[in-house]
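So the structure is just underneath, and the comments pick up after that.
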Amino acid sequence: MAHFDGPGGSQVPLRVGQAVADTLCSGIANRGAVTAAERRAEGVVAGARAAVADLLDCRPEGVVFARSMTQATYDMARALAKQWGPGDEVVVTRLDHDANIRPWVTAAEAAGATVRWAGFDPVTGDLSVDDVAAELSPRTRLVAVTAASNLLGSRPDTAAVVEAAHAAGALAYVDGVHLTAHAAVSMADLGADFYACSPYKFFGPHHGVLAAAPELLETVRPDKLLPSGDSVPERFELGTLPYETLAGTTAAVDFIAGLGGSPAASRRARIADSMRQVEAYEEEIFTRLLDGLAAIDGVTLHGSPKRRTPTALFSVAGRSPQEVYERLAAQGVNAPAGSFYAIEAARHIGLGAPGAVRAGVSPYNTTDDVDRLLAGVGELTR
Ligand SMILES: Cc1ncc(COP(=O)(O)O)c(C=O)c1O
(Lines give C-alpha, C1' and ligand atoms only; values in the text may rest on other atoms or scores of the structure.)
Protein backbone atom coordinates (compact mmCIF):
# COMPACT_ATOMS: atom_id res chain seq x y z
CA MET A 1 0.00 0.00 0.00
CA ALA A 2 1.36 3.43 -0.95
CA HIS A 3 0.12 5.91 1.64
CA PHE A 4 0.00 9.45 0.30
CA ASP A 5 -2.83 10.15 2.75
CA GLY A 6 -0.52 11.29 5.59
CA PRO A 7 -1.98 14.83 5.65
CA GLY A 8 -5.25 13.19 6.74
CA GLY A 9 -3.54 11.05 9.36
CA SER A 10 -0.23 9.22 9.45
CA GLN A 11 0.46 5.52 9.82
CA VAL A 12 1.33 4.51 13.37
CA PRO A 13 4.35 2.50 14.57
CA LEU A 14 3.64 -0.62 16.59
CA ARG A 15 5.27 0.83 19.71
CA VAL A 16 2.65 3.61 19.79
CA GLY A 17 -0.21 1.11 19.69
CA GLN A 18 1.63 -0.99 22.27
CA ALA A 19 1.95 1.98 24.63
CA VAL A 20 -1.80 2.60 24.34
CA ALA A 21 -2.63 -1.04 25.11
CA ASP A 22 -0.06 -1.30 27.93
CA THR A 23 -1.40 1.82 29.63
CA LEU A 24 -5.02 0.82 29.29
CA CYS A 25 -4.30 -2.57 30.87
CA SER A 26 -1.69 -1.43 33.38
CA GLY A 27 -3.96 -1.17 36.41
CA ILE A 28 -4.84 2.46 36.08
CA ALA A 29 -7.33 4.66 37.91
CA ASN A 30 -8.29 8.29 37.74
CA ARG A 31 -5.48 10.70 38.62
CA GLY A 32 -4.49 11.00 42.26
CA ALA A 33 -1.64 10.53 44.71
CA VAL A 34 -2.79 7.71 47.00
CA THR A 35 -2.87 4.44 45.05
CA ALA A 36 -0.28 3.20 42.60
CA ALA A 37 -2.99 3.18 39.92
CA GLU A 38 -3.75 6.86 40.54
CA ARG A 39 -0.09 7.76 40.49
CA ARG A 40 0.29 5.87 37.22
CA ALA A 41 -2.37 8.05 35.60
CA GLU A 42 -0.70 11.15 37.04
CA GLY A 43 2.64 10.01 35.59
CA VAL A 44 1.15 9.37 32.16
CA VAL A 45 -0.25 12.91 31.99
CA ALA A 46 3.00 14.48 33.22
CA GLY A 47 4.96 12.34 30.76
CA ALA A 48 2.80 13.41 27.83
CA ARG A 49 3.03 17.11 28.72
CA ALA A 50 6.82 16.80 28.93
CA ALA A 51 6.97 14.96 25.59
CA VAL A 52 4.83 17.54 23.78
CA ALA A 53 6.87 20.34 25.38
CA ASP A 54 10.02 18.78 23.91
CA LEU A 55 8.34 18.40 20.53
CA LEU A 56 7.12 22.00 20.37
CA ASP A 57 9.86 23.68 22.41
CA CYS A 58 7.41 25.06 24.94
CA ARG A 59 6.71 24.59 28.66
CA PRO A 60 4.88 21.46 29.89
CA GLU A 61 2.61 23.56 32.17
CA GLY A 62 1.26 25.24 29.04
CA VAL A 63 0.29 22.02 27.22
CA VAL A 64 -3.49 21.48 27.07
CA PHE A 65 -4.93 18.17 25.85
CA ALA A 66 -8.20 17.97 23.94
CA ARG A 67 -10.22 15.52 21.86
CA SER A 68 -9.08 17.21 18.64
CA MET A 69 -7.53 20.46 17.45
CA THR A 70 -11.01 21.51 16.34
CA GLN A 71 -12.40 21.04 19.82
CA ALA A 72 -9.43 22.80 21.47
CA THR A 73 -9.85 25.76 19.12
CA TYR A 74 -13.62 26.06 19.61
CA ASP A 75 -13.14 25.93 23.39
CA MET A 76 -10.38 28.53 23.37
CA ALA A 77 -12.28 30.79 20.96
CA ARG A 78 -15.34 30.76 23.24
CA ALA A 79 -13.19 31.44 26.30
CA LEU A 80 -11.19 34.29 24.72
CA ALA A 81 -14.31 35.87 23.23
CA LYS A 82 -15.62 36.52 26.75
CA GLN A 83 -13.13 39.40 26.69
CA TRP A 84 -14.26 40.76 23.28
CA GLY A 85 -17.02 43.18 22.38
CA PRO A 86 -18.38 45.35 19.56
CA GLY A 87 -15.59 47.23 17.79
CA ASP A 88 -13.04 44.48 18.47
CA GLU A 89 -11.67 42.66 15.45
CA VAL A 90 -10.40 39.16 14.69
CA VAL A 91 -8.32 38.30 11.62
CA VAL A 92 -8.64 34.92 9.90
CA THR A 93 -7.04 33.80 6.61
CA ARG A 94 -8.54 32.11 3.59
CA LEU A 95 -5.57 29.74 3.49
CA ASP A 96 -6.56 28.09 6.77
CA HIS A 97 -8.33 24.81 7.49
CA ASP A 98 -11.85 25.60 8.67
CA ALA A 99 -10.89 24.52 12.21
CA ASN A 100 -8.85 27.73 12.47
CA ILE A 101 -11.56 29.89 10.87
CA ARG A 102 -15.07 28.93 11.94
CA PRO A 103 -14.46 28.83 15.73
CA TRP A 104 -13.19 32.44 15.50
CA VAL A 105 -15.99 33.59 13.20
CA THR A 106 -18.63 32.07 15.46
CA ALA A 107 -17.07 33.41 18.66
CA ALA A 108 -16.59 36.88 17.15
CA GLU A 109 -20.21 36.97 15.97
CA ALA A 110 -21.45 35.96 19.43
CA ALA A 111 -19.36 38.74 21.01
CA GLY A 112 -20.42 41.36 18.43
CA ALA A 113 -16.82 41.61 17.19
CA THR A 114 -15.86 42.01 13.53
CA VAL A 115 -14.12 39.36 11.42
CA ARG A 116 -11.55 40.51 8.87
CA TRP A 117 -10.40 38.14 6.14
CA ALA A 118 -6.85 37.94 4.82
CA GLY A 119 -6.67 36.60 1.26
CA PHE A 120 -3.67 34.89 -0.38
CA ASP A 121 -2.25 34.56 -3.87
CA PRO A 122 -4.68 32.16 -5.59
CA VAL A 123 -2.12 31.15 -8.22
CA THR A 124 0.92 30.38 -6.08
CA GLY A 125 -0.93 29.61 -2.84
CA ASP A 126 1.35 31.96 -0.88
CA LEU A 127 0.00 33.92 2.07
CA SER A 128 2.27 36.93 2.66
CA VAL A 129 2.78 38.94 5.83
CA ASP A 130 1.32 41.90 3.94
CA ASP A 131 -1.89 39.92 3.24
CA VAL A 132 -2.38 39.66 7.00
CA ALA A 133 -0.94 43.06 7.94
CA ALA A 134 -3.48 44.76 5.63
CA GLU A 135 -6.26 43.50 7.92
CA LEU A 136 -4.67 44.56 11.22
CA SER A 137 -5.81 47.57 13.20
CA PRO A 138 -5.45 48.84 16.77
CA ARG A 139 -8.73 46.99 17.47
CA THR A 140 -7.40 43.56 16.41
CA ARG A 141 -7.63 41.18 19.36
CA LEU A 142 -6.44 37.99 17.68
CA VAL A 143 -4.91 36.73 14.43
CA ALA A 144 -5.58 33.09 13.51
CA VAL A 145 -3.07 31.79 10.97
CA THR A 146 -1.86 28.47 9.69
CA ALA A 147 1.77 27.38 9.90
CA ALA A 148 1.16 25.31 6.75
CA SER A 149 -1.83 24.71 4.49
CA ASN A 150 -3.17 21.16 4.52
CA LEU A 151 -4.53 21.75 1.01
CA LEU A 152 -1.60 23.34 -0.85
CA GLY A 153 1.29 22.80 1.53
CA SER A 154 2.08 26.56 1.60
CA ARG A 155 4.18 27.61 4.56
CA PRO A 156 3.64 31.28 5.37
CA ASP A 157 6.31 33.18 7.26
CA THR A 158 4.41 32.51 10.46
CA ALA A 159 6.98 34.13 12.76
CA ALA A 160 6.64 37.39 10.78
CA VAL A 161 2.84 37.18 10.90
CA VAL A 162 3.03 36.64 14.66
CA GLU A 163 5.33 39.64 14.97
CA ALA A 164 2.91 41.82 12.98
CA ALA A 165 0.02 40.63 15.15
CA HIS A 166 1.95 41.47 18.30
CA ALA A 167 2.89 44.91 16.93
CA ALA A 168 -0.84 45.58 16.56
CA GLY A 169 -1.41 44.43 20.15
CA ALA A 170 -3.15 41.19 19.09
CA LEU A 171 -2.67 37.58 20.13
CA ALA A 172 -1.56 35.03 17.51
CA TYR A 173 -3.17 31.58 17.30
CA VAL A 174 -1.17 29.29 15.02
CA ASP A 175 -2.59 26.12 13.48
CA GLY A 176 0.35 23.75 13.40
CA VAL A 177 -1.61 20.58 12.59
CA HIS A 178 -0.19 20.17 9.09
CA LEU A 179 3.29 21.56 9.76
CA THR A 180 4.19 19.59 12.88
CA ALA A 181 4.52 16.35 10.89
CA HIS A 182 7.03 17.91 8.50
CA ALA A 183 9.35 20.32 10.30
CA ALA A 184 11.11 20.99 13.58
CA VAL A 185 8.79 23.31 15.45
CA SER A 186 9.90 25.84 18.05
CA MET A 187 7.16 27.81 19.71
CA ALA A 188 9.89 29.85 21.33
CA ASP A 189 11.27 30.86 17.91
CA LEU A 190 7.81 31.32 16.43
CA GLY A 191 6.72 33.60 19.25
CA ALA A 192 3.15 32.30 18.89
CA ASP A 193 0.79 32.80 21.81
CA PHE A 194 -1.06 29.59 20.95
CA TYR A 195 0.06 26.63 18.85
CA ALA A 196 -2.37 23.83 18.06
CA CYS A 197 -1.55 20.40 16.64
CA SER A 198 -2.87 16.83 16.45
CA PRO A 199 -0.68 13.80 17.29
CA TYR A 200 -2.52 11.58 14.78
CA LYS A 201 -0.74 13.56 12.03
CA PHE A 202 2.68 12.67 13.45
CA PHE A 203 2.54 8.91 14.17
CA GLY A 204 0.40 9.25 17.30
CA PRO A 205 -3.17 8.56 18.35
CA HIS A 206 -6.26 10.66 17.69
CA HIS A 207 -6.49 13.71 19.90
CA GLY A 208 -5.57 17.40 19.91
CA VAL A 209 -3.01 19.57 21.65
CA LEU A 210 -3.01 23.27 22.37
CA ALA A 211 0.17 24.86 23.71
CA ALA A 212 0.49 28.34 25.20
CA ALA A 213 2.48 30.15 27.85
CA PRO A 214 1.06 29.20 31.27
CA GLU A 215 0.94 32.92 32.18
CA LEU A 216 -1.34 33.57 29.21
CA LEU A 217 -3.57 30.61 30.11
CA GLU A 218 -3.90 32.08 33.62
CA THR A 219 -5.68 35.10 32.10
CA VAL A 220 -8.34 33.00 30.34
CA ARG A 221 -11.46 31.66 32.10
CA PRO A 222 -13.09 28.77 30.23
CA ASP A 223 -16.45 27.31 31.25
CA LYS A 224 -15.79 24.49 33.70
CA LEU A 225 -17.39 22.30 36.35
CA LEU A 226 -17.36 23.65 39.91
CA PRO A 227 -15.41 20.77 41.53
CA SER A 228 -12.83 20.39 38.74
CA GLY A 229 -9.37 21.87 39.22
CA ASP A 230 -8.86 25.55 38.49
CA SER A 231 -5.14 25.35 37.91
CA VAL A 232 -3.46 25.70 34.52
CA PRO A 233 -3.53 23.77 32.21
CA GLU A 234 -6.11 21.45 33.88
CA ARG A 235 -8.70 24.24 33.87
CA PHE A 236 -9.00 23.80 30.09
CA GLU A 237 -9.31 20.01 30.08
CA LEU A 238 -12.93 19.10 30.56
CA GLY A 239 -13.59 15.76 32.23
CA THR A 240 -11.21 12.82 32.45
CA LEU A 241 -8.23 12.79 30.13
CA PRO A 242 -7.68 9.78 27.80
CA TYR A 243 -4.62 8.40 29.62
CA GLU A 244 -3.96 5.58 27.19
CA THR A 245 -4.08 8.00 24.26
CA LEU A 246 -1.66 10.34 25.99
CA ALA A 247 0.74 7.44 26.56
CA GLY A 248 0.54 6.81 22.81
CA THR A 249 1.47 10.43 22.14
CA THR A 250 4.52 10.16 24.39
CA ALA A 251 5.53 7.04 22.45
CA ALA A 252 5.05 8.90 19.16
CA VAL A 253 7.30 11.73 20.33
CA ASP A 254 9.90 9.20 21.48
CA PHE A 255 9.62 7.49 18.10
CA ILE A 256 10.37 10.80 16.36
CA ALA A 257 13.28 11.46 18.73
CA GLY A 258 14.65 8.01 17.87
CA LEU A 259 14.76 8.69 14.12
CA GLY A 260 17.90 10.80 14.37
CA GLY A 261 20.37 12.51 16.63
CA SER A 262 22.92 11.22 19.06
CA PRO A 263 21.46 9.03 21.85
CA ALA A 264 23.40 11.14 24.36
CA ALA A 265 21.63 14.36 23.32
CA SER A 266 18.49 15.66 25.03
CA ARG A 267 15.14 14.53 23.64
CA ARG A 268 14.48 18.05 22.35
CA ALA A 269 17.80 18.08 20.48
CA ARG A 270 17.14 14.61 19.03
CA ILE A 271 13.66 15.66 17.88
CA ALA A 272 15.02 18.77 16.16
CA ASP A 273 17.69 16.67 14.46
CA SER A 274 15.19 13.97 13.43
CA MET A 275 12.80 16.50 11.96
CA ARG A 276 15.61 18.07 9.91
CA GLN A 277 16.35 14.60 8.53
CA VAL A 278 12.65 13.97 7.89
CA GLU A 279 12.41 17.26 6.03
CA ALA A 280 15.43 16.44 3.84
CA TYR A 281 14.17 12.92 3.05
CA GLU A 282 10.62 14.07 2.31
CA GLU A 283 11.90 16.80 0.03
CA GLU A 284 13.82 14.25 -2.04
CA ILE A 285 10.75 12.05 -2.44
CA PHE A 286 8.50 15.05 -3.04
CA THR A 287 10.72 16.44 -5.80
CA ARG A 288 10.39 13.14 -7.67
CA LEU A 289 6.62 13.25 -7.17
CA LEU A 290 6.20 16.87 -8.23
CA ASP A 291 8.51 16.59 -11.25
CA GLY A 292 6.78 13.37 -12.27
CA LEU A 293 3.30 14.88 -12.05
CA ALA A 294 4.40 18.02 -13.93
CA ALA A 295 5.73 15.84 -16.75
CA ILE A 296 2.38 14.10 -17.34
CA ASP A 297 0.25 15.75 -20.05
CA GLY A 298 -3.22 16.40 -18.70
CA VAL A 299 -2.15 16.90 -15.08
CA THR A 300 -2.64 20.32 -13.51
CA LEU A 301 -0.76 21.13 -10.33
CA HIS A 302 -2.53 23.64 -8.08
CA GLY A 303 -0.32 26.20 -6.36
CA SER A 304 3.43 26.57 -6.37
CA PRO A 305 4.20 28.01 -2.94
CA LYS A 306 7.69 29.39 -2.33
CA ARG A 307 8.03 27.39 0.85
CA ARG A 308 5.99 24.25 1.26
CA THR A 309 5.45 20.95 2.97
CA PRO A 310 5.67 17.87 0.70
CA THR A 311 1.99 18.13 -0.21
CA ALA A 312 0.80 18.19 -3.83
CA LEU A 313 -2.69 19.07 -5.05
CA PHE A 314 -3.51 18.12 -8.63
CA SER A 315 -6.27 17.47 -11.15
CA VAL A 316 -6.37 15.16 -14.16
CA ALA A 317 -8.02 16.44 -17.36
CA GLY A 318 -11.33 14.77 -18.11
CA ARG A 319 -11.48 12.94 -14.75
CA SER A 320 -13.23 14.03 -11.58
CA PRO A 321 -11.04 14.13 -8.46
CA GLN A 322 -13.22 11.38 -6.98
CA GLU A 323 -12.62 9.14 -10.01
CA VAL A 324 -8.84 9.61 -9.77
CA TYR A 325 -8.98 8.86 -6.04
CA GLU A 326 -10.98 5.67 -6.59
CA ARG A 327 -8.91 4.42 -9.52
CA LEU A 328 -5.66 4.94 -7.61
CA ALA A 329 -7.13 3.31 -4.50
CA ALA A 330 -8.00 0.23 -6.56
CA GLN A 331 -4.26 -0.07 -7.28
CA GLY A 332 -3.27 0.29 -3.63
CA VAL A 333 -2.29 3.95 -3.92
CA ASN A 334 -4.01 6.15 -1.35
CA ALA A 335 -4.27 9.75 -2.54
CA PRO A 336 -7.67 11.11 -1.53
CA ALA A 337 -9.76 13.77 -3.27
CA GLY A 338 -11.58 16.73 -1.79
CA SER A 339 -11.01 20.10 -0.22
CA PHE A 340 -10.10 18.58 3.13
CA TYR A 341 -12.02 21.14 5.22
CA ALA A 342 -9.85 23.91 3.76
CA ILE A 343 -13.05 25.06 2.12
CA GLU A 344 -12.17 28.77 1.98
CA ALA A 345 -8.83 27.98 0.34
CA ALA A 346 -10.43 25.61 -2.18
CA ARG A 347 -12.95 28.31 -3.14
CA HIS A 348 -10.27 31.00 -3.28
CA ILE A 349 -8.25 29.04 -5.84
CA GLY A 350 -11.37 28.35 -7.89
CA LEU A 351 -11.77 24.64 -7.15
CA GLY A 352 -14.72 24.78 -4.75
CA ALA A 353 -15.78 21.94 -2.47
CA PRO A 354 -14.94 19.01 -4.82
CA GLY A 355 -11.33 20.22 -4.60
CA ALA A 356 -8.72 18.06 -6.26
CA VAL A 357 -6.48 15.06 -5.53
CA ARG A 358 -3.98 15.43 -2.68
CA ALA A 359 -0.76 13.45 -2.41
CA GLY A 360 1.23 14.10 0.74
CA VAL A 361 4.64 12.59 1.43
CA SER A 362 5.45 11.03 4.81
CA PRO A 363 8.77 9.59 6.01
CA TYR A 364 7.58 6.05 5.22
CA ASN A 365 7.01 6.84 1.52
CA THR A 366 9.57 5.50 -0.95
CA THR A 367 10.55 6.24 -4.54
CA ASP A 368 8.68 3.05 -5.44
CA ASP A 369 5.48 4.52 -3.95
CA VAL A 370 5.98 7.62 -6.07
CA ASP A 371 6.50 5.60 -9.24
CA ARG A 372 3.33 3.64 -8.57
CA LEU A 373 1.35 6.86 -8.13
CA LEU A 374 2.83 8.36 -11.29
CA ALA A 375 2.08 5.20 -13.28
CA GLY A 376 -1.51 5.18 -12.00
CA VAL A 377 -2.07 8.83 -12.88
CA GLY A 378 -0.36 8.34 -16.26
CA GLU A 379 -2.81 5.55 -17.14
CA LEU A 380 -5.73 7.87 -16.42
CA THR A 381 -4.50 10.42 -18.95
CA ARG A 382 -4.34 7.94 -21.82
C1 LIG B 1 -4.27 22.16 8.95
C2 LIG B 1 -5.30 21.46 9.79
N3 LIG B 1 -5.84 22.12 10.82
C4 LIG B 1 -6.76 21.56 11.62
C5 LIG B 1 -7.18 20.27 11.43
C6 LIG B 1 -8.20 19.69 12.36
O7 LIG B 1 -7.57 18.82 13.25
P8 LIG B 1 -8.41 17.85 14.19
O9 LIG B 1 -8.85 16.71 13.34
O10 LIG B 1 -7.47 17.45 15.28
O11 LIG B 1 -9.57 18.65 14.70
C12 LIG B 1 -6.66 19.53 10.35
C13 LIG B 1 -7.12 18.16 10.08
O14 LIG B 1 -6.97 17.65 9.02
C15 LIG B 1 -5.68 20.14 9.53
O16 LIG B 1 -5.12 19.47 8.51
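The values are calculated or read from the model by the stated rules, or taken from the named source; none is laboratory data. Values in this document were obtained by computation on a predicted structure and should not be read as measured data. Because the Cβ atoms are built from the backbone with ideal geometry, glycine has one as well, and the counts that use them run over all protein chains shown. Accessible surface is based on the protein model in full, side chains and every heavy atom, while ligands, DNA and RNA are left aside. Shrake-Rupley method; radii C 1.70, N 1.55, O 1.52, S 1.80 Å.
Annotations for the structure displayed:
- Residues listed by number, the stretch 267-307, amide nitrogen under 18 Å from Thr366 label point at 7 Å toward C-beta: 281-289
- Peptides 102-111, 342-351 ordered by average Cβ neighbours within 10 Å, highest first: 342-351, 102-111
- What separates the Cα centres of the stretch 318-368 and the stretch 1-15 is a distance of 15 Å.
- Mean-position separation - Cα centroids, the stretch 170-198 and the stretch 89-108, in angstrom: 16 Å
- Alpha-carbon centroid distance for the pair the stretch 253-296 / the stretch 201-239, whole angstrom: 30 Å
- Short-range pairs are left out: with C-alpha atoms under 8 Å and at least six residues apart, the relative contact order of the stretch 61-237 is 27 percent.
- Fraction of antiparallel bridges per DSSP, the chain only, in percent to nearest 5: 50 percent
- Counting DSSP beta bridges with both ends in the stretch 61-237, the antiparallel % (nearest 5): 35 percent
- Across the chain, the relative contact order, built from alpha-carbon pairs under 8 Å that are at least six residues apart, equals 23 percent.
- Distance cut-off 40 Å, percentage of C-alpha pairs in the chain lying past it: 15 percent
- Listed residues Cys25, Cys58 arranged by accessible area, highest first, probe 1.4 Å: Cys25, Cys58
- Antiparallel %, DSSP beta bridges [both residues in the stretch 3-151], to 5: 0 percent
- Rounded to two decimals, the Cα-based Rg/Rh of the stretch 61-237, with Kirkwood Rh, is 0.95.
- The stretch 61-237 - charge dipole about Cα centre, Lys and Arg +1 at Cβ, Asp and Glu -1, debye rounded to 20: 440 debye
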